[in-house]
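Okay, so here's the structure we're looking at.
The values are calculated or read from the model by the stated rules, or taken from the named source; none is laboratory data. Predicted, not measured: the structure shown is a model, and the values here were computed from it. Cβ placement follows ideal geometry from the backbone for every residue including glycine, while neighbour counts extend to all protein chains displayed.
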Amino acid sequence: MSEDATITPDGTATVEAPAAAAPAAPPGGYRLAMRFSGSGSEYFRIWIVNLLLILVTVGLYYPFAKVRRLRYFYGNTQLGGEEFDFHGSPWKMLRGFLLMAAFAGAYALATNASPWAALVALVAFAAIWPALFRASLQFRLANTSWRGLRFQFLGTTADAYRAMWPMLLAMFMYLGAAAFVQPKGQAAAGEPPAAMVVIMLVGLVLVMLLMPWFWYSIKRYQHGNYALGPMRTELRAKAGSFYGVFLKAAGLALLCMVPMIIVAIGGSVLAAILGSGKSKGAGPVIGFVLFGGAMVLSYVVMLVVAGAFVTSRLQNLVWGSTRGRDVKFASALKARALAKLTAKNWLLTVLTLGLYIPFARVAKAKLLIEAVEVTTRHPPQVLTAALRGMGGDAAGDAAGDLLGFDVGL
């Protein structure tokens, strides 16, 4: 069977298959389901060995552990029945890990030295962070493959700075001013510089106001620069949609806390009344325990419910708005299902003293991955054959030239 492929002026690929060689596309295109076949028991063996080696090597084994983890999760993720693969070298990732550790150590030392040293460290970190973020994306995509084809990340460093600078400025205002609010020798006096307090509060408000925009900007940068051969994606969502998700999550968080606060106050009053008899000293203690327990419970419920809502809505929004000329994505992640799974994972993790962590990660990965569906205009074998003929694996060569940054994407 032969296929003809052409590249359009906008850099996307169009595959033309002869009518006699390939069947007509079904209505809506070819739907490719995402599947995850990993199991908690399998990953537990990888996880426990990784954990022990990280502890023995005082953290130096972390990049090697991360490669093992990525290879396991990628190798058990299937799109249209074909697995992904991760080809990153742990030795190259070690260099990036050591560089990030050096930055963290330098910032810690600068913070303890003086507020001005901490400010300089913040400026240096903010100046280089977008470039590191872009290098990390480039490294991760160049070392990820499907059906023998390597992915690419086409975003530029300049675009990374444009996507991040407002949030970096707000964070710089908040953290930089905070370093001056309680410098050494001044905390006891209780007289932090008024100007720095104002700048810190303004920075904090800006961080909260910019958070939805920051997520939109970062996801637009990421999903607008993914590529497989000449095919490139774009994010068609608007910033207002992200603000809508975060505002609804904030309202949901408040709703989760109000009933618990009422219960806590009522329990405190009841305990005080019951303890007003012979054992007067027990009343305040019981009230404090009830109040504290209810507040902790309300906080956990808020994290589970609001966290599941934000995660599910953002995944559905981002992937549902990601498009390419010959491909589109959809996500149908349910907030209720994610909240139930999160509550179960947290409870079992606490009861097993952390040993349930690998099982929790596998269960969450399965839920998130299998909620995504990919639709293409052409059969996968036709599409990948055409892309391979256009040099779709060229991104693999770039992986050898990258320093190996990976900042936990």
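Can you work out which of the residues in the stretch 84-122 that are touching a Ser or Thr at 6+ places or on another chain (Cβ under 9 Å) and without any contact (Cβ under 8 Å) to a residue 40 or more places away in the chain is surrounded by the fewest Cβ atoms within 10 Å (Cβ to Cβ)? Going through the qualifying residues, I end up with 117.
Considering the stretch 311-333 alone, what residues qualify as being of a type in the set (Lys, Arg) and either free of Cβ contacts under 8 Å to residues at least 12 places away in the same chain or under 16 Å from residue 34 (Cα atoms) (or both)?
Once the filter is applied, which keeps residues that are of a type in the set (Lys, Arg) and either free of Cβ contacts under 8 Å to residues at least 12 places away in the same chain or under 16 Å from residue 34 (Cα atoms) (or both), the stretch 311-333 yields only 328.
Here the condition is being modelled with pLDDT under 90 and small (Gly, Ala, Ser); of 224, 240, 307, 287, it holds for 287 alone.
Within the stretch 123-153, the only residue that satisfies the criterion of being buried (at least 21 other Cβ atoms within 10 Å of the Cβ) and among the β-branched types (Val, Ile, Thr) is 144.
The set of residues from the stretch 337-377 being outside any helix (DSSP H, G or I) and in contact with a Gly (Cβ under 7 Å, 6 or more places away or on another chain) comprises 375, 376, 377.
When the strands (runs of 3 or more DSSP E) confined to the stretch 1-68 are screened for residues that are under 27 Å from the mean Cα position of the chain (by Cα) and at pLDDT 50 or above, those reaching at least 3 such residues are found at 30-36.
Take the stretch 145-163 and flag every residue that is in a strand (DSSP E or B) and of a type in the set (Ser, Thr, Tyr). Don't jump to the end; show me each part of the working.
Narrowing the stretch 145-163 to residues in a strand (DSSP E or B): 145-146, 149-153.
Answer for the stretch 145-163, where residues must be in a strand (DSSP E or B) and of a type in the set (Ser, Thr, Tyr): just 145.
Of all residue pairs spaced 6 or more apart or on separate chains, those with beta-carbon atoms under 9 Å, a first member in the stretch 342-358 that is in contact (Cβ under 8 Å) with a residue 60 or more places away in the chain and surrounded by 15 or more Cβ atoms within 10 Å (Cβ to Cβ) and a second member that is in a helix (DSSP H, G or I) and among the charged types (D, E, K, R) are 358/42; 358/45.
Residues in the stretch 241-261 that are of a type in the set (D, E, K, R) and either at positive phi or loosely packed, with under 14 Cβ neighbours inside 10 Å (or both): how many? So that I can check it myself, show each step before the final result.
Step one: filter the stretch 241-261 for residues of a type in the set (D, E, K, R), giving 248.
Applying the additional criterion that residues be either at positive phi or loosely packed, with under 14 Cβ neighbours inside 10 Å (or both) yields none.
Of the residues in that region, 0 qualify.
Somewhere in the stretch 374-392, is a residue within 28 Å of residue 132 (Cα to Cα) and modelled with pLDDT under 95? Checked against the condition, which is being within 28 Å of residue 132 (Cα to Cα) and modelled with pLDDT under 95, the stretch 374-392 yields at least one hit.
Checking each residue in the stretch 81-92 for being polar (S, T, N, Q) and assigned to a helix (DSSP H, G or I) picks out no residue at all.
Any chance the stretch 93-114 includes a residue that's not in a helix (DSSP H, G or I) and not hydrophobic (A, V, I, L, M, F, W, C)? Walk me through it before giving the result.
Let us first name the residues in the stretch 93-114 that are not in a helix (DSSP H, G or I), namely 114.
Subsequent filtering for residues that are not hydrophobic (A, V, I, L, M, F, W, C) retains 114.
Looking for residues that are not in a helix (DSSP H, G or I) and not hydrophobic (A, V, I, L, M, F, W, C), one finds at least one in the stretch 93-114, hence yes.
Residues in the stretch 322-352 that are over 22 Å from the mean Cα position of the chain (by Cα) and under 23 Å from residue 72 (Cβ atoms): 348, 352. Screening the candidates 97, 151 for the property of being of a type outside the set (Val, Ile, Thr), closer than 30 Å to residue 375 by Cβ and touching a helix residue (DSSP H, G or I) at 6+ places or on another chain (Cβ under 7 Å) yields one hit, 151.
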